[in-house]
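Values quoted throughout were computed directly from the atomic coordinates according to the rules given, and no laboratory measurement underlies them. Predicted model, so just to flag it, every value in this text is computed and none were measured. Heads up, the Cβs are rebuilt from the backbone with ideal geometry, glycines too, and the neighbour counts pull from every protein chain shown.
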Amino acid sequence: MRKCLIVALAALFLAGPVPAVAQDQSDEGAGAEQFIPITSYRTGPYAVGGIPFQDGFVDYLKMVNARDGGIEGVRITWEECETAYKPDRFVECYERLKNRGERGASVFNPLGTPLTYAVIDRLPADKIPLITLGYGRTDASDGTVFPYVFPLMVNYWSQNTAKIRYIAGLEGGLENLEGLKIANVHHDSAYGKETAPVLAKQAERYGFEVEHFPVVHPGIDQKAVWLNVRRYRPDYVILRGWGVMNQTALKEAARVGVPADKIVGVWWSCAEQDTVPAGDAAVGYTCSTFHNNGTDFPLMQDILTHVHDAGDGTGPRDAVGTGFYNRGVINAFVTVEAIRTGMGEFGARALSGEEVRWGIENMELTDADIAAAGATNLVPPINVTCADHEGGGKVLFVRWTGESFETASEWLEPDRDLVRGMIEESAAQYAAQKGITPRTCES
Amino acid sequence: MFYRETGQYKTTYAADRAIFPIRQDRVAFAVLLLVAFVAIPLLANEYWLRSVLTPVLVFSLAAIGLNILTGYTGQLSLGTAAFMAVGAFAAYNLEVRVPEVPFLVSFVVAGLAAAGVGILFGLPSLRIKGFYLAVATLAAQFFIEWLFTHVGWFTNYSTSGVITAPPMTLLGFSFESAESRYLLTLCIVVVMAVMAKNMVRSELGRAWMAVRDMDIAAEAIGINLMKTKLTAFAVSSFYCGVAGALWAYVYLGTVEPQAFDVLRSFEILFMVIIGGLGSILGSFLGAAFIVLLPIFIANASGVFGDALSAETIAHLEFVIFGGLIIVFLVVEPRGLARLWQIVKEKLRLWPFPY
């Protein structure tokens, strides 16, 4: 037995590098194919969100290949790498995939704030852009300091200003915010703490009071936190959770008597996976998104006909239209449109990371473009510029009815003036720390 | 046939005490060093250097640290990741507050800071043993993670709590490329591994092992238990601290306290157990096994192509990994180092075993 083990081990270590090399070659010389690396987490504490998100992402790419034969005729290829939401494993995936494909990795979508932080410093040297759709480092919205990072649509700070506006709407105007007590129940991590500065700034401006309640990862036990929240007697609770923390928070809130309709969540606390397990405790709970849910859009119908009806669906068909699934679709949609923009400049062929970066930076999706893509009301228009890497999305609030999310607001415009100043300040500080000379943007 | 010490006489005490008493071993070790220092940087691509071999080396160092404490001194610890965190944050804070300090000095300070914290959390070991001590060191794990998350001073009041390591330059040379970072890690790890090997062969190491085997007997033969246990904690934490600083500076470049959670402590404990308790070589083998196996499985499953869904592959990785660990512990509880020893014994008799 021991002998077998020794032989097996020796074979394993000798054979180890071989498949990796073999795969490298299989990607080369296969004609014009655009490679998109996919880093996903289908295991670990956050897999509950990671699985439907990646299914949506991959399904959209499959749909573009099936319906249009690729982007401008260039077929899309991809490879998935499991990160388990751990920065070190993401770095390993990033290094593994960055030279795959004809012209290297086009663009990474890390899907995780800690993962984003782990590679930001490597991007300029590797000339690979990063799209962090609705997460990541907020001050990276300043394209002069972070040329390779794109926190597209709406970053956390903008999202938070929209949330305060939503609360003001419920209270009957921004002037009624004065004297309100808001509890910020957040995941105790880089992601969770990201909104603290903007909340402080807004509290100062509008005269409300904020108290922060951190929840330790992964957030399975929150009894003590919610007892403190109740003692604070907040008028509103902002839930900034992730993964299993969300359903626990909703259940605990109901237990201590914080009504669900006073809880407003971020979009990472805004999916069926969070509300369904909480049962009745979640009815009336409101949360923000930067895209719409459901399947009543031509783009989503195309996925159903071209991918799921063809028997090629990545995940279960029921998942199509749910929060995380649609977010994955939108993420892939934005990625594909950015590559399309790049192809408009550089020609319909496989693009390098630097060319895709140009594509993202010059991407402008007007109402007409979005209508043509069959995504009207699914996503708001986007206009990315050299200096503004956020692209000007809007925020929608949705309410859980017990069965599905219903729209609870119009598309709300974030307070970009306030946020932009803070972003530039924070980015300038980062640039000074890192010795980066910000580039100048024309116009 | 090849591996036989016939004709090799030890004529001096120095020869008798050598780390590698047999010439074949010395040659093999020299070849290994040559491969590690020359061949690998020349042949391996950036992916292997940066994201496979560098973390293997860093984990090896942390595993050596834990092995000194658990394998040699018999003090079960679950606070390894916390001591790594202390090292990472100490190096960062020194660099941020005193930018003139060369980074190598801050690595040493990182080790010393971790050693100090290690002694502090090693104090319960004077009273309690075994699983109870493991629980006490678990307190270190949770407390230190909490401290770095909640006290802004440690992260220089960064809003997100994620620290970014300053660039590493030494005498005008900037350690940016994958090769230079790999070689830097390799140098530090080799020097510290040799030091560890010599330490465990010295009076100190023998005292550690005596305490491990039976502390009452050790005390009876005149070993100071307090001093021995606390030096083990200090040395172990020093190694972990340097490993933490390397992890932050050389490998990831950014660090948040969550990177050093209790799962990381368990991971290093598994490395030590699978590699072999009480073996420096085992620390390297264990780290290589734990880091390389998931990567190998992920790469190997690519062979199946579209036949397996990405989800299945991700879970398959856990199944195979867990299964192999159980197989190992059943077949050879003393770890990979013991397997290597068996190989050497067999080679010595080959081709005429009796």
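Anything in chain B that counts as a DSSP H helix reaching 24 Å or more along its axis (C-alpha) with Kyte-Doolittle mean of at least 0.0? List them, would you? Intermediate values should be presented prior to the final figure.
Details: long enough: B:80-97 (26 Å, 0.92); B:103-122 (27 Å, 2.29); B:130-150 (30 Å, 1.16); B:178-201 (34 Å, 1.16); B:225-246 (32 Å, 1.10); B:280-301 (32 Å, 2.07); B:310-331 (31 Å, 2.11).
Length and hydropathy pass: B:80-97, B:103-122, B:130-150, B:178-201, B:225-246, B:280-301, B:310-331.
Expressed as a rounded percentage, what relative contact order does chain A have, with Cα pairs under 8 Å and six or more residues apart?
Numbers: 865 pairs, mean separation 87.0, N = 443.
This gives 20 percent for chain A.
Using only atoms on other chains, find how many Cβ atoms lie within 10 Å of each Cβ of peptide B:314-323 and report the average. If you can, show how the numbers build up before the last one.
Details: counts 14, 4, 0, 4, 4, 0, 0, 0, 0, 0.
Average neighbour count from other chains, rounded to a whole number: 3.
Looking at the range B:23-130 from every direction and averaging, what is the projected area of its Cα convex hull in nm²? Write down the numbers at each step before the final one.
On the way: hull surface 39.1 nm².
Mean projected area for the range B:23-130: 9.8 nm², to one decimal.
Label chain A by shape, choosing from rounded, prolate and oblate, from the square roots a ≥ b ≥ c of the eigenvalues of the Cα gyration tensor; if a/c is under 1.5 it is rounded, and otherwise prolate applies when a/b is larger than b/c, oblate when it is not. The partial results should precede the final answer.
Values: a/c = 1.55, a/b = 1.37, b/c = 1.13.
Verdict is prolate for chain A.
Which order results if A:186, A:389, B:315, A:306 are arranged by neighbouring Cβ count within 10 Å, fewest first?
B:315, A:306, A:186, A:389
Order A:78-91, B:115-128 from most to least packed using the mean count of other Cβ atoms within 10 Å. Mind dumping the intermediate values first?
Numbers: A:78-91: 23.5, B:115-128: 18.9.
Descending packing order for the listed peptides: A:78-91, B:115-128.
How much of the DSSP beta bridge set in the protein assembly as shown is antiparallel, as a percent to the nearest 5? Intermediate results must be reported in sequence, preceding the final value.
On the way: 16 of 44 bridges.
Around 35 percent of the beta bridges assigned by DSSP in the protein assembly as shown are antiparallel ones.
Given the options B:245, B:82, B:15, which has the most mean-square fluctuation in a GNM of chain B, springs set between C-alpha atoms less than 10 angstrom apart?
B:15
Given a Förster distance of 60 angstrom, what is the FRET efficiency for residue B:308 paired with residue B:27, based on the Cβ-Cβ distance and rounded to 0.05? Display every interim value, and only then the final one.
Working: r = 44 Å, r/R0 = 0.73.
Once rounded, the FRET efficiency stands at 0.85.
Treating only the Cβ atoms of Lys and Arg (+1) and Asp and Glu (-1) as charged, compute the dipole magnitude of chain B about its Cα centre; round to the nearest 20 debye. Can you show the working numbers first?
Details: 22 positive and 21 negative charges, 261 e Å.
The calculation lands at about 1260 debye.
Taking a threshold of 30 Å on the Cα-Cα distance, which of the pairs A:127/A:201; A:127/A:163; A:86/B:197; A:193/A:434; A:98/A:434 fall above it? Present the calculation step by step, with values, prior to reporting the outcome.
Values: A:127/A:201 35 Å; A:127/A:163 35 Å; A:86/B:197 32 Å; A:193/A:434 22 Å; A:98/A:434 24 Å.
Listed pairs above 30 Å: A:127/A:201; A:127/A:163; A:86/B:197.
Which of rounded, prolate, oblate describes the range B:21-260, given a ≥ b ≥ c as roots of the alpha-carbon gyration tensor eigenvalues and a/c under 1.5 marking rounded, otherwise prolate only if a/b is larger than b/c? The partial results should precede the final answer.
Numbers: a/c = 2.23, a/b = 1.17, b/c = 1.90.
Judged from the Cα gyration tensor, the range B:21-260 comes out oblate (a/c at least 1.5, b/c at or above a/b).
How much FRET efficiency would the formula 1/(1 + (r/R0)^6) give for residue B:13 and residue B:348, where r is the Cβ-Cβ distance and R0 is 25 Å, rounded to 0.05?
Details: r = 24 Å, r/R0 = 0.97.
Result of the calculation: an efficiency of 0.55.
7 Å from Cα along Cα→Cβ at both residue A:434 and residue B:170: what's the point-to-point distance in nm?
2.5
Given springs between every Cα pair under 10 Å in a Gaussian network model of chain B, which of B:339, B:171, B:316 has the largest fluctuation?
Looking only at B:339, B:171, B:316, the biggest GNM fluctuation is shown by B:171.
Just how far, in whole angstrom, is the range A:119-170 from the range A:264-315 if you go by their alpha carbon centroids?
Each part's Cα centre sits 22 Å from the other's.
How far apart, in nanometres, would the label points at residue B:224 and residue B:43 be if each is projected 7 angstrom from Cα along the Cα-to-Cβ direction?
Reported label-point gap for residue B:224 and residue B:43 is 5.0 nm.
Can you put A:308, A:187 in order of Cβ neighbours within 10 angstrom, beginning with the fewest? Let's see the in-between values first.
Values: A:308 18, A:187 27.
Going from sparsest to densest Cβ surroundings: A:308, A:187.
Round to the nearest 0.05 the FRET efficiency obtained for residue B:262 and residue A:224 when R0 = 22 Å and r is the Cβ-Cβ distance.
On the way: r = 19 Å, r/R0 = 0.87.
Given R0 = 22 Å and the Cβ-Cβ separation, E is 0.70.
From the mean inverse distance of alpha carbon pairs (Kirkwood) and the Cα radius of gyration, derive Rg over Rh for the range A:128-275.
Values: Rg = 15.5 Å, Rh = 15.8 Å.
Checking Rg against Rh, the ratio lands at 0.98.
Order these by the 10 Å Cβ neighbour count, fewest first: A:175, B:332. Show your work: numbers first, answer last.
On the way: A:175 10, B:332 19.
So the ranking, lowest neighbour count to highest, is A:175, B:332.
Please find, in a Gaussian network model of chain B (springs between Cα atoms separated by less than 10 Å), the residue of B:149, B:11, B:70 whose mean-square fluctuation is greatest.
Of B:149, B:11, B:70, the Gaussian network model singles out B:11 as fluctuating most.
Would you please classify the overall shape of the range B:250-354 from the alpha carbon gyration tensor, given that a ≥ b ≥ c denote the square roots of the eigenvalues, rounded means a/c under 1.5, and beyond that prolate means a/b larger than b/c while oblate covers the rest? Each step should come with its number before you reach the end.
Details: a/c = 2.38, a/b = 1.39, b/c = 1.72.
The shape class here is oblate.
Go ahead and estimate [θ] at 222 nm for the protein assembly as shown from helices alone: -39,500 (n - 2.57) per DSSP H run with n ≥ 4, summed, over the residue count, rounded to 500.
Values: 32 runs with 419 residues, N = 797.
The helix contribution divided over the protein assembly as shown gives -16500 deg cm²/dmol.
Starting from the Cα gyration tensor of the protein assembly as shown, multiply each eigenvalue by 5, take the square root, and state the resulting semi-axes largest first in whole Å. If you can, show how the numbers build up before the last one.
Working: eigenvalues 460, 198, 119 Å².
Equivalent ellipsoid of the protein assembly as shown: 48, 31, 24 Å, largest first.
Measuring from label point to label point, each 7 Å out along Cα→Cβ, what is the residue B:191 to residue B:5 span in nm?
Rounded to a tenth, the inter-label distance reads 3.1 nm.
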